[in-house]
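The values are calculated or read from the model by the stated rules, or taken from the named source; none is laboratory data. Fair warning: this is a prediction, and the values are worked out from it, not measured in the lab. With ideal geometry, Cβ positions are generated from the backbone for all residues, glycine too; neighbour counts draw on all protein chains shown.
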Amino acid sequence: MATLLQPEKVLYLVRGEKKIRVPLSQLYFCRYCSELRSLECVSHEVDSHFCPSCLENMPSAEAKLKKNRCANCFDCPCCMHTLSTRATNIPAPLPDDPTKTTMKKAYYLACGFCRWTSRDVGMADKSVASGGWQEPENPHTQRINKLIEYYQQLAQREKLERDRKKLARRRPFMPQAFSVNIHTTEKYGLGTRLQRQRSGAPIIALYGLSLKEGEDQKEITIESAQALDEVEPLPEDYYTRPVNLPEVTTLRQRLLQPDFQPAGASQLHPRHKHLLMKRSLRCRKCEHNLSKPEFNPTSIKFKIQLVAVSYIPEVRIMSIPNLRHLKESQVLLTLTNPVENITHVSLYTCEEGDPDDINSTAKVLVPSKELVLAGKDAAAEYDELAEPQGFQDDPDVVAFRKSNKIGFFIKVIPQREEGDVTVAFKLRHDFRNLAAPIRPTEEGEATSEAIWLTHHVELSLGPLAT
Amino acid sequence: MPLFEGLGSGGEKTAVVVDLGAAYTKCGFAGETGPRFIIPSEIKRAGSPEAVRVVQYNINTEELYSILKEFVHLLYFRHLLVNPRDRRVVIVESVLCPSHFRETLSRVFFKHFEVPSVLFAPSHLMSVMTLGIQSALVMDCGYTETLVLPESLERVPILSAWEALPMGGKAIHRDLQRGMKIQEARFNLDGSAERPAPPPDVEYPLDGQKILHVKGAIRDSVAEMLFEQDNEEKSIATLLLDTLVKCPIDTRKVLSENLVIIGGTSMLPGFLHRLLSEIRSLVEKPKYRDALATKSFRIHSPPAKPNCTAWLGGAIFGALQDILGSRSVSRDYYSETGRIPDWCCLSTPLPDSVYEAGKMPPPLMKRAFSTEK
């Protein structure tokens, strides 16, 4: 996807289980762990369900009951577009007076894209606009439910037997090795060796549990399935009948209805629309939420939004001159401060043998002085008269300064003759954690402590100039 | 169904049942009558125009791990819409699934999605569960291969009697691609009946611009390769008979009268009938006539479509909450040992052992009241 900002040129390194290099706009920042997190190192959770066509929120209990499908919206079985309800007037006799006829509304479903209608499969028109359409039921439901009951009974029996085995009275002459037995241990006071062996044995209280053997259980038996001797052969006219392609369903259409999988298009019934869900993200280490969306499906805001662009200064490439092999050139970068207080940023080149530095194909010289960024002031955006900010800037290092952004130069010396030029450096800045302190601060300690974070940044500057 | 089922009114949430096939994946919840979704087992990556197959056995672990992770992520958050951490997982798989694939899949489930437990259920065994019978001979005609495995008495698979043939939907696809160029097809009937006149040709529109002409002769001869005997005289039909020969003699009659055919390739119209006739004609051949005394073959029709039968068995098993927990591999066990139990590997300790898990070896036979330390 092409964007004006080309964020893939600037990558930040995330130190999770695997080292991932991702643009800052796709990262999250856990301010409790003070680390960057990517989508791979957070756990995703389902937050809320909603229907994509009517945008109606559905509580999770109802979603479970309706099998994650909307009650009102339908999908076209042919093209999977959303169906719309259309109305026609049909003459119908009045209930009181059979001779006179009056116009009544009849509703049917129609697809605006492929022109499929519910009349094509023989579904009768309904007299109510919504709620009249039913999905057909699976003919095997009863048999399957009976099978489940039967197996549940077997499973219960197995569980009882297993519990009983654990508490069974052991016959004295059986080798002790193969049964877990507390009763005899207690009774005969056997050596401590046995008791040591059974450090994880079930507690004594369980022995008092009497199994309900006399319980009246209804025996559920099912008839086993009957095998057939003969199966239906291929119909004779398969060899002679020309194939009516519009009538044959495609595999995709068939598989959308796993219970029926009809081969003919005249049996394709519409299904309720499947819901979508909103996701919330959670840091795996500290279990805090990093992103929690709003409950309302129509709202795109977040209740909790700990994205990296609002905490970490962002580096962007502004202009790249012609890069030549082994010749030093100046690249203009910008650094933006997302927080409201003044941030001090210093850059370091990667040392020799740095394990993170695997992609760089050029040497880079970064400004050695510390760069100071002004805080982000929302009101200053609208203030046209930019007041001088009173920062003394070295004109060799800082090209321009504008509210919370500065432009600065780095020197790049490409080391390879061919291929793209990639440079990497470390960005160190101070971060003030505004989360509520655990201990009440002492008197006189007004501001929260600043911690210094270091990130590894990689820039891809494009090919060498020919 | 009560409105608040599974919401804390006793009992845990329903398990997730997944059947990862080579061509299609069936996913849904335990206790239901059919899978929620049948989706192709592939993922779309930003780099390549073609979709990447999920079930691949020959790629290295890292690549497989990331592909499986993406696919399972899609399953949970696009199709099932549930939290992975809350529900147990039942994976219906083939017994011949390579251990490397199983281990990577379980690592994806346990390490990345943090599911509470995973159960690997053999697909043939699960299909028998949908019928309520004790023994059956199950043939799975899938995409990459056809695998036959008998289950007998108390639903124990007779593992030594398995037979497999790499003939499935994939072979038909390959042949179709070749067959478009080959106009004539070979027939291998034993000269009994004449070959009937080929069915009419079909013009199949592709993409709205191109039209694919499918000759009638190809339509009926391409599926023939499943029944054609190759150089080892093996075809799908002989697989069944060979399995019967390998089974113990007392079980053969029961097994031959309880055939179950599952798998997507078996949903071709007329497949079952053709299979039965092939078996019946092959059993007269000298090779089998002396070995097999039984001549009656009967086929079951499970309460689901053949491509969902194994899934349905897994769903029925997953609904048995009493024993699902004890038979699954829990996350604690996995983090302790780092491996999942495999039927071909004897070195993994049992999950729920009568003895302490792995801490002390099983005590030797000792006399009672021994005071030895």
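Of the residues making up segment B:223-272, just one is β-branched (Val, Ile, Thr), without any contact (Cβ under 8 Å) to a residue 60 or more places away in the chain and crowded, with 22+ Cβ neighbours inside 10 Å, namely B:Thr238. The set of residues in segment B:79-98 being away from chain A (no Cβ under 11 Å) and of a type outside the set (Lys, Arg) consists of B:Val89, B:Val90, B:Ile91, B:Val92, B:Glu93, B:Ser94, B:Val95, B:Leu96, B:Cys97, B:Pro98. For A:Met80, indicate whether it is assigned to a loop (DSSP other than H, G, I, E, B), out of contact with any helix residue (DSSP H, G or I) (no Cβ under 9 Å at 6 or more places or on another chain), among the hydrophobic types (A, V, I, L, M, F, W, C) and in contact (Cβ under 8 Å) with a residue 40 or more places away in the chain. So A:Met80 does not fit the description; no. Count of segment A:125-144 residues, restricted to those that are facing chain B (nearest Cβ under 8 Å) and within 15 Å of A:Ile222 (Cα to Cα), is 4. Take B:Glu154 and decide whether it is modelled with pLDDT of 90 or more, surrounded by fewer than 18 Cβ atoms within 10 Å (Cβ to Cβ) and of a type in the set (Asp, Glu). Answer is no for this residue.
For (1) among the hydrophobic types (A, V, I, L, M, F, W, C); (2) crowded, with 22+ Cβ neighbours inside 10 Å; (3) on the phi > 0 side of the Ramachandran plot; (4) within 14 Å of another protein chain (Cβ to nearest Cβ), each residue gets a yes or a no:
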residue: B:Glu42; (1), (2), (3), (4): no, no, no, yes
residue: B:Arg45; (1), (2), (3), (4): no, no, no, no
residue: B:Tyr57; (1), (2), (3), (4): no, no, no, no
residue: B:Glu63; (1), (2), (3), (4): no, no, no, yes
residue: B:Val72; (1), (2), (3), (4): yes, yes, no, yes
residue: B:His100; (1), (2), (3), (4): no, no, no, no
residue: B:Glu114; (1), (2), (3), (4): no, no, yes, yes
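Taking helices (runs of 4 or more DSSP H) as the structural unit, those lying wholly within segment B:202-309 and holding at least 2 residues that are of a type in the set (A, V, I, L, M), more than 14 Å from chain A (Cβ to nearest Cβ) and closer than 17 Å to B:Leu147 by Cα correspond to B:236-246. May I ask you to verify whether A:Ser266 is of a type in the set (Ser, Thr, Tyr) and either crowded, with 19+ Cβ neighbours inside 10 Å or free of Cβ contacts under 8 Å to residues at least 40 places away in the same chain (or both)? The answer is no for A:Ser266. With respect to (1) at pLDDT below 90; (2) in contact with a strand residue (DSSP E or B) (Cβ under 8 Å, 6 or more places away or on another chain); (3) assigned to a loop (DSSP other than H, G, I, E, B); (4) surrounded by 14 or more Cβ atoms within 10 Å (Cβ to Cβ), the lone exception for A:Ser53 is condition (1). Only a single item in (1) touching a strand residue (DSSP E or B) at 6+ places or on another chain (Cβ under 9 Å); (2) within 14 Å of chain A (Cβ to nearest Cβ); (3) farther than 25 Å from B:Leu149 by Cα is not met by B:Ile38, and it is number (3).
On the stretch given as segment B:316-345, residues that are part of a loop (DSSP other than H, G, I, E, B) and among the aliphatic types (A, V, I, L, M) total 3. When segment A:247-258 is limited to residues that are touching a Pro at 6+ places or on another chain (Cβ under 8 Å) and assigned to a helix (DSSP H, G or I), the one that is farthest from the other protein chains (Cβ to nearest Cβ) turns out to be A:Gln253.
Candidates A:Arg279, A:Arg271: the one that is in contact with a helix residue (DSSP H, G or I) (Cβ under 8 Å, 6 or more places away or on another chain), within 14 Å of chain B (Cβ to nearest Cβ) and not hydrophobic (A, V, I, L, M, F, W, C) is A:Arg279. Quick one: would you say A:Leu147 is under 30 Å from A:Trp116 (Cα atoms), at pLDDT 75 or above and facing chain B (nearest Cβ under 7 Å)? Criteria not met by A:Leu147.
Selection of segment A:12-50 for residues being at pLDDT below 90, surrounded by 19 or more Cβ atoms within 10 Å (Cβ to Cβ) and among the small types (Gly, Ala, Ser) yields an empty set. Within the option set B:Gly31, B:Gly21, being at positive phi and either under 18 Å from the mean Cα position of the chain (by Cα) or within 9 Å of chain A (Cβ to nearest Cβ) (or both) holds for one residue only, B:Gly31. Among the numbered conditions (1) touching a Ser or Thr at 6+ places or on another chain (Cβ under 7 Å); (2) at pLDDT below 90, tell me where A:His429 comes up short. Exception for A:His429: condition (2).
For segment A:74-101, the set of residues classified as touching a Pro at 6+ places or on another chain (Cβ under 7 Å) and either at pLDDT 75 or above or surrounded by 14 or more Cβ atoms within 10 Å (Cβ to Cβ) (or both) consists of A:Phe74, A:Asp75, A:Cys76, A:Pro77, A:Leu83, listed by residue number. Of the residues examined, A:Cys70 is one that is hydrophobic (A, V, I, L, M, F, W, C), touching a His at 6+ places or on another chain (Cβ under 8 Å) and part of a strand (DSSP E or B).
Scanning segment A:231-246 for residues that are at the interface with another protein chain (Cβ under 8 Å from one of its Cβ atoms) and assigned to a helix (DSSP H, G or I) returns A:Tyr238, A:Leu245. Can you name the residue in segment A:13-50 that is touching a Pro at 6+ places or on another chain (Cβ under 7 Å) and outside any helix (DSSP H, G or I) and is also farthest from the other protein chains (Cβ to nearest Cβ) among such residues? The residue in question is A:Pro23. Say whether the condition of being over 24 Å from B:Pro84 (Cα atoms) and touching a residue at least 12 places away in the same chain (Cβ under 8 Å) is met by at least one residue in segment B:313-336. Looking through segment B:313-336, none of the residues is over 24 Å from B:Pro84 (Cα atoms) and touching a residue at least 12 places away in the same chain (Cβ under 8 Å).
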